[in-house]
Amino acid sequence: MTLTQITNALAKVKPGRMVKVHYKTIKNGYRKETKTIVRFVEYAHISGVVAKGKGNGNESHIIKNMVIYNSNTKKYYLQMATIKTNHKAEINYFYNDQPITKADYDLANPPRPNTQPLVVFRKDIADIISIG
């Protein structure tokens with residue numbers, strides 16, 4: 001999505017509300033598409049999160065707690081918070097636009113071991129397929 005499309009979609013979203021987001025991750029010619037539910041909240045207000053140090057001086061909030069611009073990478077990022085629900089994310093895997101299994105994807109792109117549960121994450125807005 002473009003910055004304008006993201007801005008228009010986020011104008012309909014109230015902060016803190018659950019929202020469906022569809023995004024892609026591309027690695028080595030493999031594509032993973034994820035449809036999940038997230039929230040847009042202030043990072044420091046999430047229970048169990050302790051903000052360490054100062055914020056990144058290269059980042060500025062375009063839309064508070066939602067869209068961030070990084071002057072080093074010259075990219076815009078959508079900041080999302082995971083939530084605990086019974087909803088399972090829907091994930092599809094592709095290689096050269098052909099569906100593949102998770103096992104095939106993991107073989108080519110081994111997952112990193114998680115030491116802590118993912119609470120807040122950012123995706124380049126170019127990787128966002130839809131919001132809402």
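Nothing in this text is a laboratory measurement; each read-out follows from the coordinates by a stated rule. Predicted model, so just to flag it, every value in this text is computed and none were measured. Cβ coordinates were reconstructed from backbone atoms using ideal geometry, including for glycine residues, and neighbour counts include every protein chain displayed.
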Stokes-Einstein D for the chain (20 °C, 1.002 mPa s, Kirkwood Rh from Cα pairs), in µm²/s, comes to 133
Computed FRET value (nearest 0.05) for THR34 with SER71, which takes r as the C-beta separation and R₀ as 22 Å | 0.20
Pairwise label distance in nanometres, ASP104 with THR25, each label 7 Å out on the Cα-Cβ vector = 1.9
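Here are some pairs, LYS14/LYS84; LYS14/LYS74; LYS74/LYS102; which of them have Cα atoms lying more than 23 Å apart in this structure? Walk me through the numbers on the way to the answer.
On the way: LYS14/LYS84 19 Å; LYS14/LYS74 27 Å; LYS74/LYS102 32 Å.
Beyond 23 Å: LYS14/LYS74; LYS74/LYS102.
Excluding the sites themselves, what is the longest stretch of the chain that contains no trypsin sites (Lys or Arg not before Pro) in a DSSP loop with at most 16 other C-beta atoms within 10 Å?
On the way: sites that count: LYS12, ARG17, LYS52, LYS54, LYS64, LYS74, LYS84, LYS88.
By the stated rule (loop sites, at most 16 other Cβ atoms within 10 Å), 89-132.
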FRET E, pair ALA89, SER60, Förster distance 35 Å, beta-carbon r, rounded to 0.05 | 0.75
